[in-house]
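A short worksheet on the structure shown next.
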Amino acid sequence: MREVGPDIKRWRSQGKRVAVGRVVGVEGSGPRDPGATMAVSEDSEVAGSVSGGCVEGAVVTEALDVLATGVPRLCTFGYSDDEAFAVGLTCGGTVHVFIEPLDDLHQEVLDTGPEEPVVLATEFAGPRLGAKLLAGPGREALGTLGDVDLDRVVRRDALAELDSGLTVTRHYGLHGEAREEDVSVFIESFAPPPRMLIFGAVDFTAALARVAKVLGYRVTVCDARPVFATARRFPMADEVVVDWPDRHLETLGDSLGPRDAVCVLTHDAKFDVPAIQGALRTRVGYIGAMGSRRTTAERNERLVASGVSDTDLARVRAPIGLDLGGRTPEETAVSICAEIIALRAGADGKRAPALRDTEGPIHAGGDAGHVADGA
């Protein structure tokens, strides 16, 4: 929703009423995920998209009617593959769009800074259409879904989804009971950008930082060598830190979570082992370490000797990346980010094999090491 914030602000400054339509569910194929938003002013101005096809026109019509009546509504648009092609959609499927007048809690989300995590729970099916609850870590909840117990359960679930940066639909009984469907709630997370920590100011670091920025990560490059860890060498990074990896990880404390990534590119035992140990003490969702199979095996021995358990060692993706066959730093960066995406999407090892799950040479020409190995 924040992507249409500037347009909403402009319309409201002109005294115009605004309706907001959000995708709350998709069945079959759909071009936009839940959370995709379209805003419509009372003058039929449009910002954002919920499908990229003819559904947009229908949503505008519904939005104008919502503004006229003041009553939220859940709209369902469904097309077969042939119908979808005929009207300009990329594929068939069913899209559920909840349309409602812009309200104070919508505005609270838009007014909250991008670095402050908040989550908005909206009832889109049930006795109180459009009822909302806004929550965030360490802040008092705003709004209500109309029942104290329902508010408590939804707030708990919403904060759990926010921790992972997920936008989902959940169903409850009227008082928050599980496994009932009297109330359908759309839980929309507005989390700060995920973080990627790249340890090692090496030649592959710049490429990985560039690709990570495209994916929306806030990138930190960290190396204990000041001559290498400079903003001039890594202008694409959000910050460049001169420090030992494990010491820098200690300063981050519990701030790292499931959406974040640690990539160790150092190839030096005095750097990479402490970096991995430090990362394993956090809740970070992805830990990857560069190295040939020989380098990885030797490093694993050192990690186990230092007290790392088999369970923790299994968290480390090494050799790092999916086996895409790439060789350049940029191609290697794509393979690393592809593994992060696959792991996050639950497709790990199903659509493309991870290098750690295959055997034999990493490249067809022999075990010269991963293109990013330097070993």
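Please treat every number below as a calculation from the coordinates, not as lab data. Because the structure is predicted, anything quoted here is derived from the model rather than measured. Glycine gets a Cβ as well: all are built from the backbone with ideal geometry, and neighbour counts include every protein chain shown.
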(request) Would you order E27, E62 from fewest to most other beta-carbon atoms within 10 Å of each residue's own beta-carbon? (result) E27, E62
(message) Counting other C-beta atoms within 10 Å, and keeping those with at most 15, which DSSP coil trypsin sites (Lys or Arg not before Pro) do you find in region 255-289?
(response) R281, R283
(request) Just name one of T167, A229, G288: the one whose Cα is farthest towards the positive end of the charge dipole of the chain (beta-carbon charges, Lys/Arg +1, Asp/Glu -1). (result) A229
(message) Placing unit charges on C-beta atoms (Lys and Arg positive, Asp and Glu negative, everything else neutral), compute the dipole magnitude of the chain about its Cα centre in debye, rounded to 20.
(response) 1040 debye
(message) If I stretch the segment between D357 and E27 completely, what's the gain in nm (0.36 nm per residue apart, minus their alpha carbon distance), one decimal?
(response) 115.5 nm
(request) Give the shape of region 195-357 as rounded, prolate or oblate, defined through the alpha-carbon gyration tensor: a ≥ b ≥ c are the square roots of its eigenvalues, a/c under 1.5 means rounded, and otherwise the shape is prolate if a/b is larger than b/c and oblate if not. (result) rounded
(message) To make sure I understand the rule: partners must be aspartates and glutamates, Cα under 15 Å from the Cα of K132, and not fewer than 8 residues away in the same chain. Which ones qualify?
(response) E100, D103, D104, E108, E123, E140, D147, D149, D151, D157, E188
(message) Assuming 0.36 nm per residue, please report the length gained on full extension of the stretch E3 to D104 beyond their Cα-Cα distance.
(response) 34.6 nm
(message) Between E42 and R12, what is 0.36 nm times their sequence separation minus the Cα-Cα distance? Round to one decimal in nm.
(response) 9.8 nm
(message) Between G307, G21, G200, where does the largest GNM mean-square fluctuation fall for the chain, given springs only between Cα atoms within less than 10 Å?
(response) G307
(request) Treating only the Cβ atoms of Lys and Arg (+1) and Asp and Glu (-1) as charged, compute the dipole magnitude of region 111-190 about its Cα centre; round to the nearest 20 debye. (result) 60 debye
(message) Below 8 Å between Cα atoms, with a sequence gap of 6+, how large is the relative contact order for region 195-357 in percent?
(response) 21 percent
(message) Students often get this wrong, so try it: which of (i) 26.8; (ii) 21.7; (iii) 18.0 is mean projected area of the Cα convex hull in nm² as calculated from the structure shown?
(response) (ii)
(message) Could you list S13, S292 so that the one with the fewest beta carbons within 10 Å of its beta carbon is first and the one with the most is last?
(response) S13, S292
(request) Pull up all non-local amide H partners of M196: gap of 5 or more, or a different chain, and H-to-H distance under 5 Å with H placed in the peptide plane. (result) R218, V219, T220, A261
(request) Can you put T282, T311 in order of Cβ neighbours within 10 angstrom, beginning with the fewest? (result) T311, T282
(request) Find how many whole Å separate the alpha carbon centroid of region 294-318 from the alpha carbon centroid of region 113-145. (result) 42 Å
(request) For L129 paired with R281, estimate the spin-label separation in nm (one decimal), with each label point 7 Å from Cα along the Cα-to-Cβ line. (result) 5.4 nm
